[in-house]
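To keep things clear, I will list the structure first and then write my remarks on it.
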Amino acid sequence: MKLTYNIQGGDFTHAGHPSSEVKKVLKQLGIEGKTIKNIVIALYEAEVNVVAHAWKGVVDVEIDENKITVLVNDEGPGIPDIDLAMQAGYSTASDKVREMGFGAGMGLPNIKKNTDELLIETEIGKGTKVKMVNYFS
Amino acid sequence: MKVSELVEKLGLTVYSGRKGLDREITGGYVSDLLSDVMGNAREGEVWITLQVHQNVMAIASLKDLVAVVLVNNLEPPESTVRHSNEENIPLLGANFSTFEIAGKIYQILNP
C-alpha cells in the first residue's frame, strides 16, 4: 500500500495531517499499538521539521507485510551539521516557532528513538531526505 | 476517573469537545514543549499546558490523550475549539497556575 502527502513550509495549521491519516490506516490494518505510536511520533516530528524549516515537502509511505517505510523529502535549506542536529536540545528554529512550543531540539532525537532504521541525506541549499523504517512485530 | 468528574471537582471550564467527557483518565502530563509531549505523554493522560494554538489538539489526538487543560484562565482561539470538537477531545480551562492545577489533579488521581 502506498500513500502520499504534500507539506507546505510554514503551514502549521495542517501539521499532523499525514501522521493522523497514517495512524488511521495502520489501526485499520491491525498493526500493534506500540508500533503505531512509534511511527506516529517519528512522522509527526519529520512533518514539523519540514513545516518549521523547509519550503515544501512530500511524505511517501509504503506499507508492506512486515514493515512501514516513510520517506520525507523536502526542498529546503538542508542541515549543515547532522551530528549537531541529532543532539537533544540543539535547534535552529525561529523565535516564532519556539513560542509555539516547537523547536526544542527534540525532533530528530525523537525520530531516532522511535524508528528501527533512520537515514538522513541532506544538501545545503537544496533539501533533506529522511528515510524511516519500522518493522511490525 | 472520568474527565467529567475532574471538571466537576475542580470547577474547570469546558470550552469544547464535550463528546469526550466520558473518557477515563489514566494520568497527567505537564509540558509546553510539543516534542516533549509527543515523545513522553501516554495514552489516556490529561495534558496541562499554556499553549493554546490548534497544534495542541493535533498532538492530543495523535497521542490519544483524553483532555487538554489550559492554565491561568487562558482562552483558546476559534481554530483550537473547532479542532477539539472534531476530535472529541475536551478542551478545558483552569483558573489556576500550572503548578496548582498539576498538584490538584495529581492528588485527585492518587488519593
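Computed from the coordinates by the stated procedures, all read-outs in this text should not be read as laboratory data. The model shown is predicted, which means the values in this text are computed figures rather than measured ones. With ideal geometry, Cβ positions are generated from the backbone for all residues, glycine too; neighbour counts draw on all protein chains shown.
Counting, for every residue in B:55-61, the Cβ atoms of other protein chains within 10 Å of its Cβ and taking the mean gives 5. Only lysines eight or more places from B:Lys9 in sequence, or on another chain, were considered; those with a Cα closer than 17 Å are B:Lys104.
Considering all alpha-carbon pairs of the protein assembly as shown, what whole percent are spaced by more than 23 angstrom? Pairs farther apart than 23 Å: 49 percent.
Checked against a 22 Å cut-off, the cross-linked pairs A:Lys2/A:Lys27; A:Lys129/B:Lys63; A:Lys56/A:Lys129 give Cα-Cα distances beyond that limit for A:Lys129/B:Lys63. Based on alpha-carbon centroids, what's the gap between region A:21-97 and region B:33-90 in Å, whole number please? Cα centroid to Cα centroid, the span is 20 Å. Across region B:10-111, the volume of the C-alpha convex hull divided among the residues equals 82 Å³ per residue. In chain A, the longest principal axis of the Cα atoms and the axis of helix A:33-53 are about 30 degrees apart.
Taking all C-alpha pairs of region A:2-135, those more than 19 Å from each other amount to 45 percent.
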